[in-house]
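Enquirer: First the structure, which I've put down as structure tokens, then a few questions once you've had a look.
Every number here is computed from the coordinates shown, using simple stated rules; none is lab data. The structure presented is a predicted model; accordingly, all values stated were derived computationally and were not measured. All Cβ positions, even for glycine, are placed from backbone atoms using ideal geometry, and neighbour counts span all protein chains on display.
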Amino acid sequence: MRLACSALIKFIAGLLLVGVLLFLPAGGFDYPNGWLFIGLLFAPMLLLGVILLIRSPDLLKRRLDAKEKEATQKGVVALSGLLFVGGFVIAGLDFRFGWTSMPTWVVIVASVVLLISYALYAEVMRENAYLSRTIKVEENQRVVDTGLYGMVRHPMYAVTLWLFLSIPLVLGSWWALLCFLPYIAVIVVRIQNEERVLEAGLAGYTDYKKRVKYRIFPFVW
């Protein structure tokens, strides 16, 4: 019950925060793309949270823990937060003052990409019960090398990148996309630091790196 309450409080807090960051700069609630994004993001999030609560409460608890211990990761989280706040505010201002004229088909494609990314996000969590929002090695943790982990070493970050870069397009703002683009560099820094932690503390990870050569994009990086 305590876990359910904690998850619900964070869900509501996130919903309210995103609403404020979008609709306040937009000058009101008449922002269709804002409502579209909130529906696409928070409806699957609620469903996934309920499923995890029922089937894998330990994983849900890990996902709710956002307290980083690594100094590098603390900086990564802080910078990510600034990028998202800036991106949402710019998107709201963009709608309010009409800076962007985005074709409807771009918004539709971005919405589909966001939903597919969310489905893959859920699949990654199904494959890896050790997933946490913080960089650490759990007791008795083993290397997962099946499914998407057999294609790239960090499928969660690959999926997250597609999800996050689709957000400003769902919101209908090219200017917000510029705010989100630096997230690519943030992900690169996070992955490089995480791999050093995993090599030092997770048995078999060095061999796994030799078998699976690419981090987030096959044949690229």
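Enquirer: Place a +1 charge on the Cβ of each Lys and Arg in the stretch 151-221 and a -1 charge on the Cβ of each Asp and Glu, then give the dipole magnitude about the Cα centre in debye, rounded to the nearest 20.
Expert: Values: 8 positive and 4 negative charges, 44 e Å.
Dipole magnitude for the stretch 151-221 comes out near 220 debye.
Enquirer: Among PRO168, TYR205, PHE23, whose Cα projects farthest towards the positive end of the dipole of the chain, with charges put on the beta-carbon of Lys, Arg (+1) and Asp, Glu (-1)?
Expert: Among PRO168, TYR205, PHE23, the one farthest towards the positive end of the dipole of the chain is TYR205.
Enquirer: If you don't mind, there's one more thing I want to ask. Quick one: order THR206, THR160, THR146 by neighbouring beta-carbon count within 10 Å, fewest to most. Don't jump to the answer; show the numbers that get you there.
Expert: Details: THR206 13, THR160 18, THR146 8.
Starting with the residue having the fewest Cβ neighbours, the order is THR146, THR206, THR160.
Enquirer: Quick one: 3J(HN,Hα) in Hz for the stretch 177-188, Karplus 6.51/-1.76/1.60 with θ = phi - 60°, rounded, Gly and Pro as x.
Expert: Once rounded to whole Hz, the list reads 4, 4, 5, 7, 4, x, 4, 4, 5, 4, 4, 4.
Enquirer: Quick one: angle between helix 155-170 and the longest Cα principal axis of the chain, in degrees between 0 and 90, rounded to 10, please.
Expert: Roughly 0 degrees, rounded to the nearest 10.
Enquirer: Based on Cα positions only, what radius of gyration and what Dmax would you give for the chain, in angstroms?
Expert: Considering the chain through its Cα atoms, Rg and Dmax are 18.0, 54 Å.
Enquirer: Would you order ASP207, ASP94 from fewest to most other beta-carbon atoms within 10 Å of each residue's own beta-carbon?
Expert: Numbers: ASP207 11, ASP94 22.
Starting with the residue having the fewest Cβ neighbours, the order is ASP207, ASP94.
Enquirer: Please compute the length gained on full extension between LEU79 and CYS5, using 0.36 nm multiplied by the number of residues separating them and subtracting their Cα-Cα distance.
Expert: Values: separation 74, 0.36 × 74 = 26.64 nm, distance 2.83 nm.
Net length gain for the segment: 23.8 nm.
Enquirer: About the Cα centre, and with charges only on the beta carbon of Lys, Arg (+1) and Asp, Glu (-1), how big is the dipole of the chain? Nearest 20 debye, please.
Expert: Details: 22 positive and 15 negative charges, 82 e Å.
Computed charge dipole of the chain: roughly 400 debye.
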